[in-house]
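Contents: one structure, followed by commentary.
The values are calculated or read from the model by the stated rules, or taken from the named source; none is laboratory data. Note that the structure is predicted; figures quoted are calculated from it, not measured. When we count neighbours, we look across all protein chains shown, and the Cβ atoms used for this are built from the backbone with ideal geometry, even at glycine. The protein model used for the area step is the full one, side chains on, heavy atoms only, and it has no ligands, DNA or RNA in it. Shrake-Rupley method; radii C 1.70, N 1.55, O 1.52, S 1.80 Å.
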Amino acid sequence: SESNVLSGKLLEEDSDVTLAQLCEACAVQAEAIEAMMEEGIVAPTGGEVTTWRFTRTSVVRVRTVLRMQRDLEVNLAGAALALDLLERIEALQARLKSFDPEARA
């Protein structure tokens, strides 16, 4: 489908995406993205809605939060907290691995 092509393309490219592209890639309405912005899950660059740009990481973060909401029935605030903790764990694992390449995640 066109959405799968777009979402795959978004994750492969380094370029930022618009609000509309983010919504399409994640199959959500703009209101859902705006609610995630209020929780600090994603933050666009650009001052006006028409100039907002989101990073590839934003696509991943939105998809992760949507999975948490769907699969675990976590509310948005809980998903934001869980996402933050998961990212901290990943960062700590990366640091540990840099000290000990034999360390397992």
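R67 satisfies every condition listed in (1) farther than 13 Å from V17 by Cβ; (2) in a helix (DSSP H, G or I); (3) open to solvent by less than 80 Å² (accessible area, probe 1.4 Å) except (3).
The set of residues in region 86-105 that are open to solvent by 90 Å² or more (accessible area, probe 1.4 Å) and closer than 16 Å to G40 by Cα contains only R88.
Taking L11, is it in a helix (DSSP H, G or I), within 16 Å of the chain's Cα centre (by Cα), at pLDDT below 95 and not hydroxyl-bearing (S, T, Y)? Considered against the rule, which asks whether it is in a helix (DSSP H, G or I), within 16 Å of the chain's Cα centre (by Cα), at pLDDT below 95 and not hydroxyl-bearing (S, T, Y), L11 comes out as yes. Of the residues screened, T51 is not one that is within 20 Å of E39 (Cα to Cα), out of contact with any His (no Cβ under 6 Å at 6 or more places or on another chain), at pLDDT below 95 and exposed (fewer than 13 other Cβ atoms within 10 Å of the Cβ). Suppose we keep only residues that are of a type in the set (A, V, I, L, M, F, W, C) and not in a helix (DSSP H, G or I) within region 31-64. Which one would you say is nearest to V17 (Cα to Cα)? Restricting to residues being of a type in the set (A, V, I, L, M, F, W, C) and not in a helix (DSSP H, G or I), the top hit is F54. Residues of region 25-48 that are touching a Cys at 6+ places or on another chain (Cβ under 7 Å) and open to solvent by 80 Å² or more (accessible area, probe 1.4 Å): Q29 alone.
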